[in-house]
1. Given a 1.4 Å probe, how much area per residue of the chain is accessible, in Å²?
2. According to the square roots a ≥ b ≥ c of the eigenvalues of the Cα gyration tensor, what is the shape class of segment 61-101, taking rounded for a/c under 1.5, prolate for a/b larger than b/c otherwise, and oblate for the remainder?
3. Rank-order 161-167, 307-313 by packing density, defined as the average count of other C-beta atoms within 10 Å over each peptide's residues, highest first.
4. Along the Cα→Cβ direction, 7 angstrom out, place labels at Thr277 and Val320. What is the inter-label distance in nm?
5. Could you identify which residue out of Gly175, Gly119, Gly12 has the top mean-square fluctuation in a GNM of the chain using Cα springs shorter than 10 Å?
6. Which shape class applies to the chain: rounded if a/c is under 1.5, otherwise prolate when a/b exceeds b/c and oblate if not, where a ≥ b ≥ c are the square roots of the Cα gyration tensor eigenvalues?
7. Could you check how much of the accessible area of the chain is carbon and sulfur, as a whole percent, using a 1.4 Å probe?
8. Dividing the Cα radius of gyration by the Kirkwood radius, what Rg/Rh value follows for segment 191-259?
Amino acid sequence: MARLVDVAAAAGVSVGLVSRVLNDDPATRATEETRQRIQRAADRLGYRPNHAARALRSARTYTIGLVVPDLTNALFAELMRGVEQASARLGYTVLLGRSEALTDQARISRLLDDGRVDGFLLQGRDADTTESLAAIAGTAPVVVINSRMRRRRGSVMLDDQAAGRIATEYLIGRGHRRIGLLNGPRSLLTARLRADGFRAALRAADLPVIPKLITWYGYTVPDATPALESIMNTPNPPAAVVVGNVNAAMGVLTEARRLGLSVPGDLSVIAIHDAWTADHTWPPLTTVKLPLDRLGEQAVEALHQRLEGRPGQDQLVDDVAPEVIERESVADLG
């Protein structure tokens, strides 16, 4: 088994520098070329860090908790992949849990005090607000995923405003002029940002923003029934809708059939977020794919920085743009 001294000899540097680089010590002074040379030497020799020894030296577990609302939600698979990739690179083990298990700050404090984890990545529930997330986090090392905490920094978000705008622009580009938005709860920052993007795209195209064509029921399959019924019962219903979440969009397809509407013949549908399930609906759903894997990676990197003593920050994943995945649920009226 390769040792630090072996990596140091192969890279032509000191053992101490190898240790600091491979442990991602923020105080390390080394050029990018040197860092890459050390990493190549470690990879070539098959060096693996001794996590037990590192934990004893640092009084840390090098374990982080990833807490999501629903472990069966297809959207979280891509997020978890990004979390796992970044955690492996930074030397962390990931424990997975459900948001319902962390109802107050005392539960988080107990897990930290018991030495089970060093910090948390927390994806809030639809019922959570910026205030409730801040209360749950308390003073613990927590990075909130795709939301914000009231009066406290420490989050990583997707560009939800851009997603709402791009989805709406896609419908406008295919000739649609009367467009609805079936959105998540108004209490959620993600929903408000997607609505901002939706409105911005309509205004840029000189199209009216009609409040009755915007609903705020939620992101789940059951939420689609009252949402679609609401806008289709307006005097002049839309011929196209942006749905705030791919899961709710599956419910829209079911409710459209119940109402006797064909998709995309009578109603075009585009959803925000993409998942493997979108390929297997009928018709297959056109979506706006957001970089959930990159969200997971950046969240781990942000928590790592927090655990290394750096102040929390509110970050936006802006290095990977939202992308339209064209399938069969949008009619071209152009």
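The values are calculated or read from the model by the stated rules, or taken from the named source; none is laboratory data. Just so it is clear, the model here is predicted, and its values are computed rather than measured. Here the Cβ positions follow ideal geometry from the backbone for every residue, glycine too, while neighbour counts run over all protein chains shown. Keep in mind that these areas ignore ligands, DNA and RNA; they rest on the heavy atoms of the full protein, side chains included. Shrake-Rupley method; radii C 1.70, N 1.55, O 1.52, S 1.80 Å.
1. Accessible surface, normalised per residue, equals 46 Å².
2. oblate
3. Values: 161-167: 24.1, 307-313: 12.7.
For the peptides 161-167, 307-313, the packing ranking is 161-167, 307-313.
4. Those two pseudo-labels are separated by 2.0 nm.
5. Gly12
6. On the way: a/c = 2.70, a/b = 2.05, b/c = 1.32.
Here the chain falls in the prolate category.
7. 50
8. Result: Rg/Rh = 0.96.
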